[in-house]
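Below is one structure, written out as structure tokens; the observations come after it.
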Amino acid sequence: MKKRKKRKKEVVKKEVKISKFILYYFLIFLALVIIFGTNWALDKAQINNFEQILLTLTNSVSTASNEMIISFIKDCILISLILTIIIFLIAKLFNNIEVFIKIKIKSKTIKINFYKIISFFFIVSLIIYSTYHVTSSLYIYDYIKYNNIESNFFETLYVNPKNVDLEFPEEKRNLIYIFLESMESTYADKENGGAYDINYMPELTELAKNNINFSSNNLVGGAHMAYNTSWTMAAMVSHTSGIPLKTVFNQDDVSTYEAGTTLPGAYSIGDILKKEGYRQYIMVGSDLTFGGRRNYFENHGNYTEFDYYTAIEDGIIDEDYYVFWGYEDAKLFDYAKEELTKISKSDKPFNFTMLTVDTHFPDGYTDNTCKDTYDNQYLTAIDCSSEKLDEFIKWIKKQDFYENTTIVLVGDHLSMNTYSFDEIDSNYNRSVYNVFINSAVNTECNKNRSFTTFDYYPTTLAALGVKIKGERLGLGTNLFNCKETLSEELGNDYIDKKLMENSPYYNECIGSTCKKDK
């Protein structure tokens, strides 16, 4: 009986030892993943707030670019695993060397294993450093800090589009709205308002000069990227609803992050145009589900969807075809031409929204038609994209439906590429590209303006000939009108700081279904 009990104790002791061993090396591995993962995020993308990471990861990311996934596995998971194994082998070597430190307390002498002390301090230091590194580098501390500050910014300045009188023209115009991945006015040459000696977007520069481009200077320029509008999903919300995409608190009937992209209380351009009888379409060269995009467009305008999977169904690409994030822009534009030809045959007005992908960070994508002119692959992708977009616009202009169609080309946000901006003037103010082609209205107020991508919301409607009472929707102001934007009235730094704070109104009336509209 005693032997059995002794054996049982030994088994339990062995199991505890194994559990401690697994926990110890799992914590080492996890801390290393956090450190290398943080460095990877900083190296691959210009992260400027934690909500970008939080909202992206808590929506569907399973169809992210294969290159990005492979890069993360190699640079973070694999390196962490190798280092953990090396630490284990070193520890195994020293584990056989018993060095004790004797500490005398009163009449007792305590022997402490030196190896265990070193091991303890190593794991504690690693955990402390990894925690500090991720919280400071990825703005987690700022996120916690500002979410504990309540703000009445939205209650004071948000104009609920549901309550604004909108007067559409008798003959409603079609809208083609193209989100240009990471497209900045920065890529132009200095002579035209850009930051480079070479113009990497010559065609887009000419389109901006020959049509309506809103700018912060007298040359080709663009919009300030406000807080929480710095990634594609957030940019789409910003452009189409005049609000940032924020983490939502205090829902009653929907999960926090599902509400984060559904935004049941928001009222977007899709909602407005649907009510006005528009047929609406969204086309992307990736999986529309990524980052919550499908969720948003289905719930705000009931868009007909075209993405990577419908491209396979419609024979645009083969079933096993996959490059970059899905398929390249050359095929996207061919797909769009095919669908626009069909759509334009109806008498009802349409809203055709697109998102390009070839200029996505970290290095962009170039196909065999792109000129291999520059050493910088990313700027080569920008140059090639500019040419392809120009060809697509020329095609649209030749179509019968163009006469009654307004085209809006806008960068979704500033680029997250980390190496192509190292040599530009540090004082240069990078801005999000825009051009309004074949607008129903003109303006003399498009230069020397301060504005954000929120302002594109009412400005797009105005370009369709819609009269907006008060010239404001959401946090946006109609740029065709000379009325001051919030940026001009309050300053972008003030706006960004307020958008970081926790807004009960946003949580309750935009991220959730408001019990009473403002």
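Computed from phi, the 3J(HN,Hα) profile of the range 186-201 under the Karplus parametrisation 6.51, -1.76, 1.60 (θ = phi - 60°) reads 3, 6, 6, 7, 4, 4, 9, x, x, 10, 10, 6, 9, 8, 8, 9 Hz, with x in place of Gly and Pro.
Sorting Tyr278, Tyr141 from the fewest to the most surrounding beta carbons within 10 angstrom yields Tyr141, Tyr278.
Using R₀ = 60 Å, calculate the FRET efficiency as 1/(1 + (r/R₀)^6) where r is the Cβ-Cβ separation of Lys116 and Leu490; round to 0.05.
Values: r = 58 Å, r/R0 = 0.97.
With a Förster radius of 60 Å, E is 0.55.
Pairs exceeding 32 Å between alpha-carbon atoms, taken from Lys394/Lys498; Lys190/Lys394; Lys274/Lys331; Lys209/Lys371; Lys209/Lys331; Lys388/Lys483: Lys394/Lys498; Lys388/Lys483. Of the residues Glu508, Glu170, the one with the fewest other Cβ atoms within 10 Å heads the list, and the complete ranking is Glu170, Glu508.
Here the label points at Ile85 and Ile198, each 7 Å from Cα along the C-beta direction, are separated by 4.2 nm in the simple model. A cysteine counts as unpartnered when no other cysteine's C-beta lies under 4.7 Å of its own; in the chain this applies to Cys76. For q = 0.14, 0.22, 0.24 Å⁻¹, what log10 I(q)/I(0) does the range 156-214 give under the Debye formula with an equal point scatterer on each alpha carbon and no solvent? One equal scatterer on each Cα of the range 156-214 leads to -0.65, -0.90, -0.98. Which of (i) 50, 26, 23; (ii) 41, 27, 21; (iii) 36, 29, 22 is the computed semi-axes √(5λ) of the Cα gyration tensor in Å for the structure on display? Label of the calculated value: (i). Hey, rough spin-label estimate for Asn211 and Glu423, points 7 angstrom out along Cα→Cβ, what's it come to in nanometres? Those two pseudo-labels are separated by 3.1 nm.
Under 5 Å between amide hydrogens, built in the peptide plane, is the criterion, and for Gln280 it picks out Thr304, Asn351 among residues at least 5 positions away or on other chains. In percent, rounded to a whole number, the relative contact order of the chain is 25, using alpha-carbon pairs under 8 Å and six or more apart.
Cβ-to-Cβ counts within 10 Å put Leu499, Leu166 in ascending order as Leu166, Leu499, the fewest first.
Read the figures in this text as sums done on the coordinates, not as results from a lab. Here the structure is a predicted model, which means the values were calculated and not measured. For neighbour counting, all protein chains shown are included, and Cβ atoms are generated from backbone atoms with ideal geometry for every residue, glycine included.
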